[in-house]
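Quick notes on the structure that follows.
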Amino acid sequence: MTKFSKNFERDWEWYYNNRSNFVFSGSLPKTINLGFKYSAKEAFYLYDSQGKLVDTLEPKLLQEIFLCKEAINFQIKEWSHDRAKGYLPKIEFEKIIKEYGLLDWMVKAVERQKFKHYENNRRNSM
C-alpha cells in the first residue's frame with residue numbers, strides 16, 4: 001500500500017467530494033484502462049506525482065478525479081480572470097470559497113493569477 005502525504009490526502013478528498021461539481025475542463029479525457037493492480041487513488045497518485053498513467057481497478061472513478069482536477073484548474077483561470085476584470089468581487093469569491101470548500105492553494109492560485117491578468121491588461125492598454 002502506498003503511503004500518501006497529507007497534502008495528497010487533502011487534495012484527493014477534495015477532488016473525490018467535488019467530482020460531480022467540477023465536470024468541465026475543455027480538455028479531452030484521458031484513456032484509462034481496467035487493470036488489477038492499482039486503486040483509483042494509487043493510479044491518480046502515480047500520475048500526479050510521476051506522470052505515469054497506469055491501468056486501474058476503478059477506471060470510472062479515476063476518470064472522474066482527473067476531470068475534477070482539470071476542471072478546477074480551468075475554473076481557477078476563469079475566476080482569476082474575473083477577479084482581475086472586476087466581474088467577481090472578493091465578497092462574491094468568498095461565497096464560492098465557502099460553497100465548494102476550496103482549498104487554500106486554490107484560493108491563493110486565483111489571487112496570484114489575477115495579477116498576471118493585471119499585467120496583461122496594463123500591457124495591452126499601452
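Write out, first by first residue and then by second, each pair whose Cβ atoms fall under 9 Å of each other, whose residues are 6+ apart or on separate chains, and whose first residue, in the stretch 22-46, is among the charged types (D, E, K, R) while the second is exposed (fewer than 12 other Cβ atoms within 10 Å of the Cβ) and at pLDDT below 95.
K41/T2; E42/M1; E42/T2
For the stretch 11-21, what are the residues that are in a loop (DSSP other than H, G, I, E, B) and surrounded by 18 or more Cβ atoms within 10 Å (Cβ to Cβ)?
R19
Considering only the stretch 27-39, how many residues are open to solvent by 90 Å² or more (accessible area, probe 1.4 Å) and charged (D, E, K, R)?
1
Tell me the residue from E119, E70, E99, E42 that is part of a helix (DSSP H, G or I), surrounded by fewer than 18 Cβ atoms within 10 Å (Cβ to Cβ) and modelled with pLDDT of 95 or more, please.
Details: E119 fails: modelled with pLDDT of 95 or more; E70 fails: surrounded by fewer than 18 Cβ atoms within 10 Å (Cβ to Cβ); E42 fails: surrounded by fewer than 18 Cβ atoms within 10 Å (Cβ to Cβ).
That would be E99, the only listed residue that is part of a helix (DSSP H, G or I), surrounded by fewer than 18 Cβ atoms within 10 Å (Cβ to Cβ) and modelled with pLDDT of 95 or more.
Given the options K3, K30, name the one that is over 22 Å from L103 (Cβ atoms), of a type in the set (K, R) and either part of a loop (DSSP other than H, G, I, E, B) or touching a strand residue (DSSP E or B) at 6+ places or on another chain (Cβ under 8 Å) (or both). Explain how you work it out, then say what you get.
Values: K3 fails: over 22 Å from L103 (Cβ atoms).
Exactly one of K3, K30 is over 22 Å from L103 (Cβ atoms), of a type in the set (K, R) and either part of a loop (DSSP other than H, G, I, E, B) or touching a strand residue (DSSP E or B) at 6+ places or on another chain (Cβ under 8 Å) (or both), namely K30.
Six or more apart or on different chains, Cβ under 8 Å: which pairs go from a residue in the stretch 96-118 that's closer than 18 Å to R10 by Cβ and of a type outside the set (G, A, S) to one that's open to solvent by 30 Å² or more (accessible area, probe 1.4 Å) and outside any helix (DSSP H, G or I)? Could you list them?
Pairs found: Y100/N21.
For the stretch 45-67, what are the residues that are open to solvent by less than 50 Å² (accessible area, probe 1.4 Å), farther than 18 Å from N18 by Cα and in a helix (DSSP H, G or I)?
Selection gives L46 alone.
Look through F8, F24 and report the one residue that is within 18 Å of M106 (Cβ to Cβ) and either over 12 Å from the mean Cα position of the chain (by Cα) or open to solvent by less than 30 Å² (accessible area, probe 1.4 Å) (or both). Step through it out loud before you land on a result.
Details: F24 fails: either over 12 Å from the mean Cα position of the chain (by Cα) or open to solvent by less than 30 Å² (accessible area, probe 1.4 Å) (or both).
Being within 18 Å of M106 (Cβ to Cβ) and either over 12 Å from the mean Cα position of the chain (by Cα) or open to solvent by less than 30 Å² (accessible area, probe 1.4 Å) (or both) holds for just one of F8, F24, which is F8.
The values are calculated or read from the model by the stated rules, or taken from the named source; none is laboratory data. A quick note: this is a predicted structure, and the numbers were derived from the prediction, not measured. Heads up, the Cβs are rebuilt from the backbone with ideal geometry, glycines too, and the neighbour counts pull from every protein chain shown. With ligands, DNA and RNA removed, areas are computed over all heavy atoms of the protein, side chains included. Shrake-Rupley method; radii C 1.70, N 1.55, O 1.52, S 1.80 Å.
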